[in-house]
1. Determine if the stretch 272-289 includes at least one residue that is closer than 23 Å to ASP166 by Cα and surrounded by fewer than 18 Cβ atoms within 10 Å (Cβ to Cβ).
2. Can you tell me which of (1) modelled with pLDDT of 95 or more; (2) surrounded by 17 or more Cβ atoms within 10 Å (Cβ to Cβ) is the one GLY228 doesn't meet?
3. Restricting to the stretch 36-85, name every residue that is outside any loop (DSSP other than H, G, I, E, B), without any contact (Cβ under 8 Å) to a residue 60 or more places away in the chain and either more than 27 Å from ILE129 (Cβ to Cβ) or charged (D, E, K, R) (or both).
4. Given the condition within 30 Å of LEU8 (Cβ to Cβ) and touching a Pro at 6+ places or on another chain (Cβ under 7 Å), answer yes or no: does some residue in the stretch 355-364 qualify?
5. If we keep just the residues of the stretch 157-189 that are free of Cβ contacts under 8 Å to residues at least 24 places away in the same chain and not in a loop (DSSP other than H, G, I, E, B), which is least open to solvent (accessible area, probe 1.4 Å)?
6. Residues that are within 30 Å of ALA186 (Cα to Cα) and either in contact with a Leu (Cβ under 6 Å, 6 or more places away or on another chain) or hydrophobic (A, V, I, L, M, F, W, C) (or both): does the stretch 339-348 have at least one?
7. From the list GLY136, GLY115, exactly one residue is under 26 Å from GLU406 (Cα atoms) and open to solvent by less than 30 Å² (accessible area, probe 1.4 Å). Which is it?
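The values are calculated or read from the model by the stated rules, or taken from the named source; none is laboratory data. Small disclaimer: the values here were computed from a predicted structure and weren't measured. Every residue, glycine among them, receives a Cβ derived from its backbone with ideal geometry; neighbour counts consider all protein chains shown. The area values use the complete protein model at the heavy-atom level, side chains included, leaving out ligands, DNA and RNA. Shrake-Rupley method; radii C 1.70, N 1.55, O 1.52, S 1.80 Å.
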Amino acid sequence: MSSMPRMLEGYRVLDFTQFVAGPTCTRLLGEMGAEVVKLELAPDGDRVRAGGLKPLQPEHRNTTISSYYLQHDHSKLSFAIDMKKARARELVRAMIPKFDVLVENFAPGVIKRLGFGYDDVRQLNPKIIMCSISMGGQTGPLSDKAGYDYIGQAYAGITDGIGEPDRAPAVTTMAIGDISAGVASAMAIGFALLHRERTGEGQYLDASLIDTYFHMHEDSVPRVSLRGDKYQPTRGGSQHPGGGPTGIYHYRGSQYVYLCVPTAHQWVQLARAMGAPELATDPRFKSARGRRDNNAELQKIIEDWLASFPTRDDAIAALDKERVPCAPVLTVNEALKHPHLNERKTVRWVNDPLLGEVAIPGVPVKFSAWPDRTQVRAARLGEDNERILHQYLNMPDEQIRQLYLEGVLVRDPTIGPNTVGA
């Protein structure tokens with residue numbers, strides 16, 4: 001591996017985030033080499049510390065480490081402080097000039113009430129890049145509305161497209177918008193840092209879940225804008241509304257196969273893979289419109305063919321032989337064991353001192369100069385208080401000890417009693 005600094009090494013990030021969207025952003029910056037100081041509010045820190053799985057050892061049952069926290073907040077330092085106290089806010093203000101980036105995902109208005117809105121922090125550090133992540137953004141009629149991933153999804157016209165056409169919209173089972181907003185924010189911060197390198201200017205970034213979700217629409221937005229209510233996207237359930245055939249097809253039991261055959265030449269390949277080349281010229285299925293209009297009949301033909309194989313893998317192999325775009329619909333349990341995902345470290349196995357060997361997602365883009373790290377650290381609450389105050393404010397031990405006595409600083413009870421400056 002190169003001995004050169006990692007891509008963001010030398011940059012410092014003050015992290016005011018919790019839950020998923022903001023922590024995803026700052027965790028990616030940490031993965032790229034930035035020093036991320038996660039400011040956690042007393043008494044309990046980020047609320048995801050209480051989620052996920054805890055260590056099994058009895059002596060660590062009360063620790064603030066959890067599997068949820070490990071995934072979203074590894075590669076950060078933990079600075080746990082009671083921001084309700086004036087002394088705590090003074091400490092953070094004194095540290096602001098040392099940071100390049102500040103990221104927060106409180107509800108709009110909260111960070112300003114704490115005294116750390118953009119107008120406040122840029123007076124302390126004109127070159128700072130500040131990114132706020134929220135459900136609806138910092139401006140507009142919804143800017144003061146509280147909300148999570150699903151709320152942004154519903155407003156962006158995404159939820160209405162998920163589920164069976166004759167039933168209510170369905171709920172997704174993962175934080176698509178939170179994660180994507182975090183990735184988009186990390187991207188924007190990288191661009192803003194490049195802009196600062198060229199101009200010397202800091203700036204304010206306003207990221208929202210609604211904006212991120214709306215950006216995911218593939219083709220519907222211009223269609224609706226041109227045709228109005230004459231065009232209304234509908235839920236397709238397991239089948240793509242455009243036909244194809246594209247959709248989810250039943251193999252046997254609880255196993256399914258995803259086929260994506262949107263083009264004419266791939267339809268011919270599918271017919272050949274099925275050993276039924278005559279389907280390609282069948283009047284019912286010859287055209288894209290015919291395949292769409294006769295989709296139910298075609299679905300039965302395909303599913304009967306899939307069920308004829310001894311295993312789903314055999315069916316996938318027959319499709320792969322003719323280069324038909326397809327995939328088994330894997331459970332998370334199956335995906336975690338898949339050799340491709342493991343070889344690429346999409347599934348990244350790490351060893352945590354308290355949780356043991358555990359899998360977390362890898363970085364979504366692979367860098368040739370900097371492979372995904374498999375040695376990562378998730379800090380216990382307030383574990384880095386002393387290091388941060390020494391490094392950023394050159395504070396002596398006796399003053400740090402006094403901050404603990406005053407309740408300005410807190411930390412994980414399993415670390416042991418504070419003896420700094422004793």
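1. Taking the stretch 272-289 first, the residues closer than 23 Å to ASP166 by Cα are 289.
Restricting the remaining residues to those that are surrounded by fewer than 18 Cβ atoms within 10 Å (Cβ to Cβ) gives 289.
There is at least one residue in the stretch 272-289 that is closer than 23 Å to ASP166 by Cα and surrounded by fewer than 18 Cβ atoms within 10 Å (Cβ to Cβ).
2. It is condition (2) that GLY228 fails.
3. As a first pass, look at the stretch 36-85 and keep what is outside any loop (DSSP other than H, G, I, E, B): 36-41, 47-50, 58-60, 67-73, 77-81.
Right, trim to without any contact (Cβ under 8 Å) to a residue 60 or more places away in the chain and you get 36, 39, 41, 47-48, 50, 58, 68, 72.
Result: ARG47, ALA50, PRO58, TYR68.
4. Initial filter on the stretch 355-364 (within 30 Å of LEU8 (Cβ to Cβ)): 355-364.
Filter once more, keeping what is touching a Pro at 6+ places or on another chain (Cβ under 7 Å): 355.
Scanning the stretch 355-364 turns up at least one residue that is within 30 Å of LEU8 (Cβ to Cβ) and touching a Pro at 6+ places or on another chain (Cβ under 7 Å).
5. The extreme case among them is THR159.
6. Initially, the stretch 339-348 is screened for residues within 30 Å of ALA186 (Cα to Cα), giving 339-348.
Now narrow it down to the ones that are either in contact with a Leu (Cβ under 6 Å, 6 or more places away or on another chain) or hydrophobic (A, V, I, L, M, F, W, C) (or both): 341, 347.
Yes, the stretch 339-348 contains a residue that is within 30 Å of ALA186 (Cα to Cα) and either in contact with a Leu (Cβ under 6 Å, 6 or more places away or on another chain) or hydrophobic (A, V, I, L, M, F, W, C) (or both).
7. Numbers: GLY136 fails: under 26 Å from GLU406 (Cα atoms).
None of the other options fit; the residue is GLY115.
Residues are listed down the side, and each one gets a yes or a no for (1) among the polar types (S, T, N, Q); (2) at pLDDT 95 or above:
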| residue | (1), (2) |
| --- | --- |
| GLY236 | no, no |
| HIS240 | no, no |
| GLY243 | no, no |
| TYR251 | no, yes |
| GLN255 | yes, yes |
| CYS260 | no, yes |
| THR263 | yes, no |
